[in-house]
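Enquirer: Got a structure here, written out as structure tokens. Questions coming.
The values are calculated or read from the model by the stated rules, or taken from the named source; none is laboratory data. Fair warning: this is a prediction, and the values are worked out from it, not measured in the lab. Don't worry about glycine lacking a Cβ; one is built from the backbone with ideal geometry, like all the others, and counts go over all protein chains shown.
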Amino acid sequence: MTRLNVNVDHVATVRQARGGIEPDPVLAAYMAELAGAEGIVVHLREDRRHIQERDVWILRETVKTKLNLEMASTSAMVKIAADVKPDMVTLVPEKRQELTTEGGLDTAGNLKEIKSVVKQLQKEGIFVSLFIDPDPAQIKASLATGADMVEIHTGAYADAPDEAGKDAELSRIQKAVKKAYDSGLRVSAGHGLNYFNVVQIAKIEEIEELNIGHSIISRAMTAGMDLAVRDMIGLIRTGSL
Ligand code: PXP
């Protein structure tokens with residue numbers, strides 16, 4: 001059965017909009033685990049736009065399933081990962097101006113650097129995954145780094161404007177997953193997956209786990225709106241919940 005890892009970055013995005021203490025991604029992670037998530041994912045960005053170091057440290061203490069830290073392959077982040085010791089790290093490309101992680105890691109173009117970061121993390125006992133596009137050259141390079149897993153970027157599939165485009169992207173993903181799996185890499189997938197497009201990806205047998213954030217946080221906010229408003233009206237009218 002494919003496992004679900006929930007990315008709680010956008011709980012922190014809402015918190016950072018006010019610079020306060022709520023909503024807390026740590027609490028959201030706890031609720032996600034209670035609901036059956038088998039892993040929690042956070043991306044500690046260089047600009048700290050959502051997840052903060054404090055979150056990662058507390059999650060390290062509280063997550064009972066598996067903590068997957070997404071990070072850029074910089075020496076500053078390697079030091080944080082070595083101190084925090086998440087269960088796994090996913091290396092992602094990072095650009096300051098992007099709204100979200102846009103493309104996969106260019107492992108083929110930065111083989112030496114990425115191989116060195118993979119080695120440093122594995123020496124700390126951390127399982128390492130590389131977030132890559134469904135591209136045979138990136139899979140070959142990922143294998144050469146010694147990484148344990150690749151996370152196949154599903155963004156182009158999710159953003160395909162029509163059925164033909166979606167089918168083409170799905171087929172690229174299926175081939176890439178098979179190539180990675182057959183070469184001995186463990187395989188996950190994620191980015192842009194939602195309640196409309198996840199089923200086709202979940203059907204790919206070699207994918208062990210899916211990393212999903214935005215659509216789950218969006219649904220939590222809208223599905224929870226009814227209760228939140230009723231509670232506030234009750235409090236205003238009666239003075240208690
Ligand atoms: N996987 C990786 C490597 C990501 O960077 C992200 C976004 O932070 C996700 C999965 C989740 O993407 P989404 O928020 O679109 O579900």
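Enquirer: Taking only pairs six or more apart or across chains, which ones have beta-carbon atoms under 6 Å, a first residue in the range 209-222 that is in contact (Cβ under 8 Å) with a residue 40 or more places away in the chain and farther than 18 Å from residue 199 by Cα, and a second residue that is within 11 Å of the ligand (Cβ to nearest atom) and of a type outside the set (D, E, K, R)?
Expert: 217/10
Enquirer: From the list 233, 201, which one is touching a strand residue (DSSP E or B) at 6+ places or on another chain (Cβ under 8 Å), assigned to a helix (DSSP H, G or I) and either away from the ligand (no atom under 11 Å from the Cβ) or not acidic (Asp, Glu) (or both)?
Expert: Going through 233, 201 in turn, just one is touching a strand residue (DSSP E or B) at 6+ places or on another chain (Cβ under 8 Å), assigned to a helix (DSSP H, G or I) and either away from the ligand (no atom under 11 Å from the Cβ) or not acidic (Asp, Glu) (or both): 201.
Enquirer: Determine whether residue 154 is modelled with pLDDT of 95 or more and more than 19 Å from the chain's Cα centre (by Cα).
Expert: Answer is no for this residue.
Enquirer: If you scan the range 1-44, which residues turn out to be polar (S, T, N, Q), under 19 Å from residue 88 (Cα atoms) and either within 13 Å of the ligand (Cβ to nearest atom) or without any contact (Cβ under 8 Å) to a residue 40 or more places away in the chain (or both)?
Expert: 5, 7
Enquirer: Kindly list, by first and then second residue, each pair from a residue in the range 74-92 that is under 26 Å from residue 138 (Cβ atoms) and at pLDDT 95 or above to a residue that is within 14 Å of the ligand (Cβ to nearest atom) and in a loop (DSSP other than H, G, I, E, B), limited to pairs with Cβ atoms under 6 Å and residues at least 6 apart or on different chains.
Expert: Correct list of pairs: 91/73; 91/105; 92/101.
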